[in-house]
């Protein structure tokens, strides 16, 4: 999984947010029930679905979410129930899900939170990892979690207290109390 592809989705989200703002009627004036609007989002998109394509018009990723709320003062977008499908060679390769995600620092940092699950698709022996939080930096292409993580396949699993993956180098480092099991398949 290339982190740059996964994180360039943020650019697509920005376009969808702007389109939702102008075409979704959000820009219409509505009465506020409170005098303090600092806790309210600048805009909110409900039941968001998006497809990002490459130069040839082929899908690179799809994105679905229940809501996306943007807060301009904090430079923060909160996404509820995101489901991201990443494509490689015109095939769905990975599915990423979480209860919530946030985009911050000019969409450079993506943080998935609560029941984060990444599943490899269309493989005879799929890889899956789960954790409670995962942060991805688009500039450095580093994935990191300080929460316990479990990586599993049909043959076994590896768990550790934390994980760091460098997508440019193609390395994964399990950090703290690493445990693993592996079961040989019968011949």
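The values are calculated or read from the model by the stated rules, or taken from the named source; none is laboratory data. Computed from a prediction, not measured in an experiment: that's the story for all the values here. For neighbour counting, all protein chains shown are included, and Cβ atoms are generated from backbone atoms with ideal geometry for every residue, glycine included.
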Does residue 65 satisfy the criteria of being within 23 Å of residue 134 (Cβ to Cβ) and crowded, with 16+ Cβ neighbours inside 10 Å?
yes
Please give the number of the condition residue 125 fails out of (1) over 16 Å from the mean Cα position of the chain (by Cα); (2) at positive phi; (3) not in a strand (DSSP E or B).
(2)
Among the residues of the range 68-117, write down those that are farther than 19 Å from residue 135 by Cα and either touching a helix residue (DSSP H, G or I) at 6+ places or on another chain (Cβ under 6 Å) or not in a strand (DSSP E or B) (or both).
72, 73, 89, 90
Could you tell me which of the residues 84, 109, 142 is surrounded by 16 or more Cβ atoms within 10 Å (Cβ to Cβ) and more than 27 Å from residue 41 (Cβ to Cβ)?
142
Please state which of the following conditions residue 182 fails to meet, knowing it meets all the rest: (1) surrounded by 10 or more Cβ atoms within 10 Å (Cβ to Cβ); (2) modelled with pLDDT of 80 or more.
(1)
Exclusive hit being in contact with a strand residue (DSSP E or B) (Cβ under 7 Å, 6 or more places away or on another chain) and free of Cβ contacts under 8 Å to residues at least 40 places away in the same chain, set 127, 143, 103, 96:
127
One residue from 99, 138 being under 18 Å from residue 63 (Cα atoms) and modelled with pLDDT under 90
138
Filter the range 53-62 for residues that are over 19 Å from residue 112 (Cβ atoms) and surrounded by 14 or more Cβ atoms within 10 Å (Cβ to Cβ) and give the result.
59
